[in-house]
Amino acid sequence: MGLVVAPILEGKLEEWKTWTSDFAGSKKSEFDSLNERYGLTRHDVWLAETPGGPMAVVLHEGPGGDSFMQKLGQSDHRFDKAMAASIMDFHGMDLNSPPPGPPPTKMT
């Protein structure tokens, strides 16, 4: 299972909401294909309003959950490349570089 918590960059919230809602609408078949390609059985996104600003909480569950983000960043598939570019645009995350700091620590 992979869990990502990422800030939504200033001024991007409404566009991010539209982008994520498209995964259940106009881009559902492409999103379902992405999940199948990477072995994800669950791929959910939540919006968390925090004192520091809006955050995306994203769950990647299934056999490919732990490696999804890394593999997405390396993909040449058209939809995957567009998703990686959107992640950079909305969250400032470059999927081809390791995230700063240590990985999260499981506490329980």
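Here, each number is a calculation from the coordinates, and none is a lab measurement. Quantities reported herein were computed from a predicted structural model and do not represent experimental measurements. Cβ placement follows ideal geometry from the backbone for every residue including glycine, while neighbour counts extend to all protein chains displayed.
Before moving on, here are some points about what is shown:
- The charge dipole of the chain, taken about its Cα centre with unit charges on the Cβ of Lys, Arg, Asp and Glu (plus for the first two, minus for the last two), comes to roughly 180 debye.
- Note on the chain: helix-only mean residue ellipticity at 222 nm, from DSSP H runs of 4+ residues weighted -39500 (n - 2.57) and normalised by residue number, equals -11000 deg cm²/dmol.
- Each Cα pair under 8 Å and six or more residues apart adds its sequence gap; the mean of these over the residue count of the chain is a relative contact order of 30 percent.
- Pairs of Lys in the chain closer than 29 Å at Cα, counting only those 8 or more apart or on different chains: 15
- The C-alpha atoms of the chain occupy a region whose extents along the principal axes are 35, 33, 25 Å, arranged from largest to smallest.
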